[in-house]
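Colleague: There's a structure below that I have some questions on.
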Amino acid sequence: MNSMRGAAAYGRGAGAYARVGIESNVMSASPHQLIMMLFDGAQSGLRTARLHMQNGNIAEKGKAISKVLDIVNNGLVAALDSEQGGELAERLESLYDYTARLLIQANLHNDQQRLDEAASLLESIGSAWREIGERAKGA
């Protein structure tokens, strides 16, 4: 019984340590790095959703897709600045809206093709952000 309590305490401690690490990364990140974290989180959620979809675990698939939708809608879209970004921000907003619709359809119909299309779109946009960051470092 004591070893069970010790393992549970260790699990809680490890979880708290991981949260602190993530919070530290977020607090010290540049705006560009924060956007990259959002893209990384979205891709992680999409991989998780794909696995749950393939295994028929509907509830967990839905949770993973909801996480990605939250990242897209409350992270990526919210970060857009239409004043400074102009037409580019409008186009990105349209792509994010389309991606969100793909994710909803993928969830409703267990459609891996739509899930893969959403992943591909987010990977393309995230790749462009990565390249911008690399060019900025080199400048």
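Colleague: So, in nm, how far is label His109 from label Ser30 when the simple model puts each one 7 Å beyond its Cα toward the Cβ?
Modeller: 4.2
Colleague: Packing-wise, with mean Cβ within 10 Å as the measure, how do 77-88, 108-119 rank, highest first?
Modeller: Values: 77-88: 11.2, 108-119: 16.4.
Highest-to-lowest ranking by the protection proxy: 108-119, 77-88.
Colleague: Can you tell me, using C-alpha contacts under 8 Å and at least 6 residues apart, the relative contact order of segment 30-138 as a whole percent?
Modeller: Answer for segment 30-138 is 30 percent.
Colleague: Okay, moving on. For segment 123-132, take each phi angle, set θ = phi - 60°, evaluate the Karplus expression 6.51 cos²θ - 1.76 cosθ + 1.60, and give the result in whole Hz per residue in order, putting x for glycine and proline.
Modeller: 3J(HN,Hα) across segment 123-132, in whole Hz: 5, 5, 5, x, 5, 5, 4, 4, 5, 4.
Colleague: Return the whole-Å distance between the Cα centroid of segment 40-59 and the Cα centroid of segment 70-139.
Modeller: A separation of 18 Å, based on Cα centres.
Colleague: Another question about this same structure. So how strong a dipole does segment 30-138 carry about its Cα centre when Lys and Arg Cβ are +1 and Asp and Glu Cβ are -1, to the nearest 20 debye?
Modeller: With Lys and Arg at +1 and Asp and Glu at -1, about 440 debye.
Each value in this text was obtained by applying a stated rule to the coordinates, not by laboratory testing. What you see is a predicted model; the values in this text were computed from it and never measured. Every residue, glycine among them, receives a Cβ derived from its backbone with ideal geometry; neighbour counts consider all protein chains shown.
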